[in-house]
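*Asks:* For reference, the structure I am asking about is given below.
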């Protein structure tokens with residue numbers, strides 16, 4: 001990703017700037033206040049006029065029209081907070097003249113291309129997905145000593161000769177971001193790999209175990225071992241272009257596949273070593289309201305722990321995947337020169353170690369942004385709904401729900417990114433307005449928030465009181481909702497704000513309960529008051 005600074009300031013009538021790309025007259029008198037926006041992208045600054053009354057969606061569309069940055073690849077951040085509600089107005093977020101926004105552009109991940117010659121020599125290149133095969137040939141000739149000239153090369157993929165105009169991104173469709181090529185001209189045996197194997201030893205990756213009495217599941221041990229094997233073989237982490245924090249794709253020993261995804265705590269959005277150059281949080285609050293900087297990794301691990309299989313707790317069922325399909329996730333310590341070290345990498349693996357989450361890489365066919373929601377099975381959407389309501393997920397969008405196929409060819413939805421564990425994206429999918437199935441209702445009724453809190457504590461997490469309360473209330477809402485045969489849409493609507501500054505129904509319920517009990521009341525008394533207020537509000541939905 002790249003980050004652009006956006007500075008806003010009032011503009012006087014008669015300014016030389018028109019509404020960028022829309023052709024309005026500069027002499028038009030506006031009934032609402034206008035502000036001048038300066039987009040700074042890769043060192044260049046471009047002015048653009050917007051209105052205070054513009055919605056976030058209108059600002060993004062204006063940016064797309066003027067500068068070509070597609071709306072779906074934009075993320076706006078102001079004062080440490082993402083402007084996530086497209087229907088809300090700019091001024092709802094407190095943006096005024098002179099404010100500074102940060103525009104984060106989601107770019108394409110580089111593709112790791114492995115080139116194997118007829119004599120067995122192996123080379124690796126990171127290539128822009130939008131380049132063609134002809135460009136790759138030039139890279140091979142330039143960077144690989146002993147390779148034949150461009151005109152003498154034939155490049156094949158799975159036995160198919162690739163035309164020079166073939167776009168690289170269109171070659172690999174399994175979500176693996178790695179293609180395997182063969183050059184049919186041998187090179188001299190003296191050609192060496194670009195990376196020195198010895199230097200690849202300057203790394204660390206090991207699990208963080210907070211409770212020695214809890215054994216790391218075999219699936220997590222295997223994921224960590226395969227990731228370490230890749231680092232030992234000189235396959236470096238590849239920084240992803242997605243997300244607002246540091247995200248690293250970890251390769252296996254062959255360098256042909258991704259094994260896991262590492263997200264360091266100190267590179268989370270608003271954290272001190274964030275590689276996207278977002279401002280450091282001044283009060284410790286994260287990118288989403290109610291979250292703390294540096295807690296994202298813990299929430300990622302908690303999401304996997306609490307995604308129980310239908311058959312019960314993993315300690316009993318031994319199943320790897322849970323009801324919602326959250327990928328296996330562990331807490332690890334890791335260091336590597338590829339990670340973001342603003343003050344430099346010291347080559348001391350232990351000294352430079354970063355703590356973060358390591359999540360299994362899931363092969364996929366892309367994200368839900370690439371497919372219309374009507375194609376998704378109802379039960380797959382509902383499992384995401386149940387999990388997000390229960391976890392109060394504040395960052396669910398189509399870009400962090402991957403699509404895949406089961407062994408039987410059935411479409412699967414894979415939820416990732418739980419660092420800000422309220423639903424907004426799936427809320428408007430048609431499947432969300434359909435009732436839960438009997439199996440899903442049985443699963444919801446089996447949930448036990450007290451058991452969940454105890455499980456997190458067993459794994460060494462000192463669960464904050466606010467987090468425990470949120471889990472109890474969201475589980476309560478889910479259970480009371482299905483008891484009244486409410487749909488995911490109806491339950492989710494209780495949790496979501498209609499606008500940035502209007503409290504959601506669940507916030508009103510909690511405030512009502514808080515005002516109805518004495519200040520020194522116990523947590524049990526408070527939750528009973530929440531239950532009474534929630535019953536009254538949900539009963540209104542069923543009338």
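The values are calculated or read from the model by the stated rules, or taken from the named source; none is laboratory data. Here the structure is a predicted model, which means the values were calculated and not measured. Cβ coordinates were reconstructed from backbone atoms using ideal geometry, including for glycine residues, and neighbour counts include every protein chain displayed.
*Asks:* Would you be able to tell me the number of residues in the stretch 34-72 that are modelled with pLDDT of 75 or more and touching a helix residue (DSSP H, G or I) at 6+ places or on another chain (Cβ under 9 Å)?
*Replies:* Step one: of the stretch 34-72, the residues modelled with pLDDT of 75 or more are 34-35, 49-65.
Then keep just the ones that are touching a helix residue (DSSP H, G or I) at 6+ places or on another chain (Cβ under 9 Å); that gives 35, 49-61, 63-64.
Of the residues in the stretch 34-72, 16 are modelled with pLDDT of 75 or more and touching a helix residue (DSSP H, G or I) at 6+ places or on another chain (Cβ under 9 Å).
Results for (1) closer than 24 Å to residue 450 by Cβ; (2) modelled with pLDDT of 80 or more; (3) not assigned by TED's automatic domain parsing to the domain that holds residue 448, shown as yes or no for each residue.
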position: 287; (1), (2), (3): no, no, yes
position: 298; (1), (2), (3): yes, yes, yes
position: 301; (1), (2), (3): yes, yes, yes
position: 304; (1), (2), (3): yes, yes, yes
position: 307; (1), (2), (3): yes, yes, yes
position: 310; (1), (2), (3): yes, yes, yes
position: 314; (1), (2), (3): yes, yes, yes
position: 317; (1), (2), (3): yes, no, yes
position: 322; (1), (2), (3): yes, yes, yes
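*Asks:* Determine whether residue 75 is modelled with pLDDT of 80 or more and more than 26 Å from residue 256 (Cα to Cα). Show your work before the answer.
*Replies:* On the way: modelled with pLDDT of 80 or more: no; more than 26 Å from residue 256 (Cα to Cα): yes.
When the stated conditions are applied, residue 75 does not pass them.
*Asks:* Can you give me the number of residues within the stretch 498-515 that are surrounded by fewer than 18 Cβ atoms within 10 Å (Cβ to Cβ) and either out of contact with any helix residue (DSSP H, G or I) (no Cβ under 7 Å at 6 or more places or on another chain) or not in a loop (DSSP other than H, G, I, E, B) (or both)?
*Replies:* Qualifying residue count, the stretch 498-515: 9.
*Asks:* On to the next question. Return the pairs, sorted by first residue and then second, in which the second residue is surrounded by fewer than 17 Cβ atoms within 10 Å (Cβ to Cβ), the first residue lies in the stretch 460-478 and is under 21 Å from residue 331 (Cα atoms), the beta carbons are less than 7 Å apart, and the residues are 6+ apart or on different chains.
*Replies:* Listed pairs, sorted by first residue: 460/210; 460/211; 463/457.
*Asks:* Based on what the data block shows, is residue 231 outside any strand (DSSP E or B), buried (at least 21 other Cβ atoms within 10 Å of the Cβ) and more than 23 Å from the chain's Cα centre (by Cα)?
*Replies:* In short, yes.
*Asks:* Right, something else. Could you identify the single residue in 338, 381 that is in a helix (DSSP H, G or I), at pLDDT 85 or above and over 16 Å from the mean Cα position of the chain (by Cα)?
*Replies:* 381
*Asks:* Now for a separate question. Looking only at the stretch 351-376, how many residues end up being surrounded by fewer than 22 Cβ atoms within 10 Å (Cβ to Cβ) and modelled with pLDDT under 75?
*Replies:* Looking only at that region, the number is 11.
Conditions (1) surrounded by fewer than 15 Cβ atoms within 10 Å (Cβ to Cβ); (2) touching a helix residue (DSSP H, G or I) at 6+ places or on another chain (Cβ under 7 Å); (3) not assigned by TED's automatic domain parsing to the domain that holds residue 303, marked per residue:
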{"site": "445", "(1), (2), (3)": "yes, yes, yes"}
{"site": "475", "(1), (2), (3)": "no, yes, yes"}
{"site": "481", "(1), (2), (3)": "no, yes, yes"}
{"site": "488", "(1), (2), (3)": "no, yes, yes"}
{"site": "519", "(1), (2), (3)": "yes, no, yes"}
{"site": "522", "(1), (2), (3)": "yes, no, yes"}
{"site": "526", "(1), (2), (3)": "no, yes, yes"}
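*Asks:* Still on this structure, I have one more. Return a yes/no flag: does the stretch 486-493 have any residue that is under 14 Å from residue 386 (Cα atoms) and part of a loop (DSSP other than H, G, I, E, B). Before the answer, list the steps.
*Replies:* Keep residues of the stretch 486-493 that are under 14 Å from residue 386 (Cα atoms), which gives 486-493.
With the extra rule that they be part of a loop (DSSP other than H, G, I, E, B), the set shrinks to 486-487.
Yes, the stretch 486-493 has at least one match.
*Asks:* Sticking with this one: Can you find, within the stretch 516-543, the residue that is farthest from residue 470 (Cα to Cα) among those that are part of a loop (DSSP other than H, G, I, E, B) and modelled with pLDDT of 90 or more? Even if it seems obvious, please write down each step before you answer.
*Replies:* As a first pass, look at the stretch 516-543 and keep what is part of a loop (DSSP other than H, G, I, E, B): 517-522, 542-543.
Narrowing the set further to residues that are modelled with pLDDT of 90 or more leaves 517-518, 521-522.
Details: 517: 18, 518: 20, 521: 17, 522: 16 Å.
Of everything passing the filter in the stretch 516-543, 518 is farthest from residue 470 (Cα to Cα).
*Asks:* Of all residues in the stretch 92-103, which are crowded, with 16+ Cβ neighbours inside 10 Å and over 18 Å from residue 283 (Cβ atoms)?
*Replies:* 92, 95, 101, 103, listed by residue number.
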